[in-house]
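The structure under discussion appears below in the form of structure tokens.
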Amino acid sequence: MLELFKHILHLDFDWLFANFGTTIYVVLFLVIFIETGLVAMPFLPGDSLLFTAGLFARSGHLNMSYLLILLFIAAVLGDNSNYWIGRRIGIKIFDLKLRGKSLVKKEYLDKTHVFFEKHGVKAIIMARFVPIVRTFAPFAAGIGEMNYKKYLMFDLLGGALWIGSLTTAGYLLGEVEFIRKHIDLVCLAIIFISVLPIILNVFKARMNKTK
């Protein structure tokens, strides 16, 4: 299991194909479901994984239609699981410990609340494109007992935009030779762009404290 996670975090699709064959679809489904569905697993590579999956679909290793459908279902199921965990268990989850350390960091929830206050219900859609916030947004919506029908409507739209845009971007750019030869650099760029809003918010907060 540790070996699998190591290769997932490094987006080593060649290893995944060699060891899982067509069941790689199950692996990708589980990664997206876990990243969006478990507040203790916000570090999984959601954005870069979708882009890289699109690249491999372009090369013929994966079926693009299967990817879009399966990963959309995974994203929606994950978010909804997270919503109901927040609604049923709520803040108690922060009392869970692993080797003396909190299993879930409350600071991530605090940042997500700030994100919600700034962007309102549209944060459900926008959060899809922000690592960590993406994992905590449905949980925060559950804790806040956001109207489920309203939440589900925005969540379905956000899931479709997130899965569709990043996977399709990888598929369309799969023809570009530079991108095919430098997948690692492209994925690092995607990660940087994804976390840039968080970096800017932290910098802004620190600047305000110094005033």
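Please treat every number below as a calculation from the coordinates, not as lab data. These numbers come from a predicted model, not from an experiment. Every residue, glycine among them, receives a Cβ derived from its backbone with ideal geometry; neighbour counts consider all protein chains shown.
Miscellaneous remarks
- Residue exposure sequence - THR167, THR23 - by fewest surrounding Cβ within 10 Å: THR23, THR167
- From the C-alpha gyration tensor of region 22-141, square roots of 5λ in Å: 28, 16, 12
- Label sites at LYS122 and LYS101, each approximated as a point 7 angstrom past Cα along Cα to Cβ, lie 3.7 nm apart.
- Sorted ascending by nearby beta carbons within 10 Å, beginning with the fewest, THR168, THR52, THR36 become THR168, THR52, THR36.
- Least to most buried among LYS111, LYS92, LYS106 (fewest other Cβ within 10 Å first): LYS92, LYS106, LYS111
- FRET efficiency, LEU172 to VAL114 (Cβ-Cβ, R0 25 Å, nearest 0.05): 0.15
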